[in-house]
Amino acid sequence: MNVGFLGIQFSFGLQQSAINPIFLFLGAPEDMLPILNIAGPVTGLVIQPLIGAISDKTWSPRWGRRKPFFLIGAIIGSLCLFAFPLSPALWFAVGLLWILDVGNNMAMEPYRAFVGDKLPNKQLSLGYQMQSLFVGAGIVLANASIFLFQDWFGGDAAAEVAGSIPKWLYYSFFIGSILSVSTILWSVLKTPEIPPSDEELAEINAHKKLPFAARFKMPFIEISKAVKEMPKFMWKLSVVYLFQWYALFVYWQFITPLFIKTMGYDLSSAAAQSAKMSTTYNIATIVVALALVPLTLKYGGKKIYAASLLGTGLALMIIPYITDPIYVLFPMVFFGIGWAAMMGIPYTMVSKIVPQDRRGVYMGILNMMIVIPMGIETLTFGSIFKTFLGGNAINAMLFAGTFFIIAALLALRLNVTAEETQA
């Protein structure tokens with residue numbers, strides 16, 4: 001059921017570790033990195049809740065409810081991954097990132113709802129932590145391919161042509177293009193969806209009979225209504241996400257510039273080192289993802305989530321002061337534990353308190369809580385970095401660590417009320 005996440009997260013792994021170096025290879029200045037990444041927040045804000053709402057009202061006896069959407073998204077993503085390393089100029093790469101994010105978001109949201117649809121409440125924690133495992137595995141493979149291909153085929157950095165993407169980066173994107181479609185196809189063909197109840201089917205059929213204009217407006221109405229009726233728990237989670245995802249976007253954008261400054265690397269070596277960092281924390285994610293299930297059941301999701309965020313923040317505070325390329329990998333273990341918690345625990349909590357027939361739209365809204373902080377970061381952090389942080393990547397990483405610690409403190413407020421539990 002979760003195998004398709006391997007391909008989706010291979011793509012996201014390339015976005016985390018290779019897209020920003022590609023922008024730098026094509027001549028982008030460091031303070032422009034945040035705004036160049038605005039595609040992710042904007043497409044996530046629009047695409048995921050819309051696809052969630054539409055898939056809630058969809059059913060095909062042959063194709064199911066969620067699977068058509070994440071299959072189409074995977075095909076779009078696959079084509080973009082194949083074209084990305086062939087980008088002749090910065091504007092072309094930025095444009096492709098927009099289309100790639102549309103495909104990835106179209107695949108991601110119904111996939112999360114798909115897992116919730118299939119499992120009873122007692123298995124949701126295991127299901128979403130298994131999802132975290134595949135998230136980690138996909139990103140590990142993506143990042144391992146980056147630094148291995150750089151080592152095998154990178155050659156002399158001086159031989160690289162200014163303003164162009166080095167050939168060793170091509171291979172990772174081509175592999176991602178294949179995995180994006182093949183792993184999704186595995187899940188589509190091997191995992192049948194549970195048919196809707198008679199009541200749900202009647203509602204879906206009634207929706208199909210509506211005029212086109214009414215059906216077009218319905219997802220927007222559903223999103224608006226769901227936001228108004230959203231559980232208080234999700235509002236509290238949105239505040240945690242504000243700091244958590246702002247900090248994550250800062251980390252992904254500035255880890256490569258950080259290594260240029262702290263270790264004296266050229267751009268290719270810094271990109272490879274950042275890929276090693278991502279590989280390390282995602283290996284930790286794979287190892288601990290399922291171990292978090294009994295810990296969450298014993299101590300509660302809130303405490304484990306908060307502790308994981310705190311560990312992530314402390315890791316980012318330490319990294320700028322380590323100049324050894326081996327020792328700098330150790331803090332990533334704590335980052336990986338945090339990443340495993342972030343990718344599983346909130347989804348489990350939300351899945352248990354939202355109505356079954358509106359899980360798609362609420363998973364879309366949960367993603368809105370992710371992309372809004374990312375959007376704020378892309379619009380604000382370039383100026384913050386240049387004006388208040390001295391254009392220094394070390395200060396950017398310390399800033400991100402501080403935001404994670406604030407998120408950890410706010411996570412301690414994540415209590416589910418009795419009414420939400422009954423829902």
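Between residue 235 and residue 170, the simple spin-label model (points 7 angstrom out along Cα→Cβ) gives 5.4 nm. Helix 212-228 and the long axis of the chain differ in direction by around 80°, with both axes built from C-alpha atoms. Modelled spin-label separation between residue 208 and residue 379, with each label point placed 7 Å from Cα along the Cα-to-Cβ direction: 4.0 nm. For the pair residue 35 and residue 199, a Förster radius of 51 Å applied to the C-beta separation gives a FRET efficiency near 0.65, rounded to the nearest 0.05. Relative intensity of the range 187-294 on a log10 scale, I(q)/I(0) at q = 0.18, 0.20 Å⁻¹, equals -1.06, -1.12, per a Debye sum over C-alpha point scatterers of equal strength in the absence of solvent. Counting only Cα atoms, the size of the range 4-422 along its three principal axes is 66, 43, 38 Å, in decreasing order.
When 112, 66 are arranged by Cβ crowding within 10 Å, least crowded first, meaning fewest neighbours, the order is 112, 66.
Karplus-based coupling profile of the range 24-38, in residue order and whole Hz: 5, 4, 8, x, 6, x, 4, 6, 8, 4, x, 5, 5, 9, 5, with θ = phi - 60° in 6.51 cos²θ - 1.76 cosθ + 1.60 and x standing for Gly or Pro. About its Cα centre, the range 4-422 has a charge dipole of approximately 1020 debye under the convention of +1 per Lys or Arg Cβ and -1 per Asp or Glu Cβ, with nothing else charged.
Remark: spin-label model distance residue 402-residue 299 equals 2.7 nm, labels positioned 7 Å along the Cα→Cβ axis. Placing unit charges on the Cβ atoms of the charged side chains and taking the dipole of the chain about its Cα centre, the candidate lying farthest along the positive direction among 313, 168, 256 is 313.
Note on the chain: dipole from Cβ charges, positive end direction compared against 113, 69, 341; the farthest Cα belongs to 113.
When +1 charges are put on Lys and Arg Cβ atoms and -1 charges on Asp and Glu Cβ atoms, the dipole computed for the range 1-106 relative to its Cα centre reaches about 640 debye. In a fully extended conformation the segment linking residue 92 and residue 123 would gain 6.8 nm over its present Cα-Cα distance, using 0.36 nm per residue.
Where a number appears in this text, it was derived from the coordinates with a stated rule and is not lab data. The structure presented is a predicted model; accordingly, all values stated were derived computationally and were not measured. Methodologically, a virtual Cβ is constructed for each residue, glycine included, from the backbone with ideal geometry; neighbour enumeration extends over all protein chains shown.
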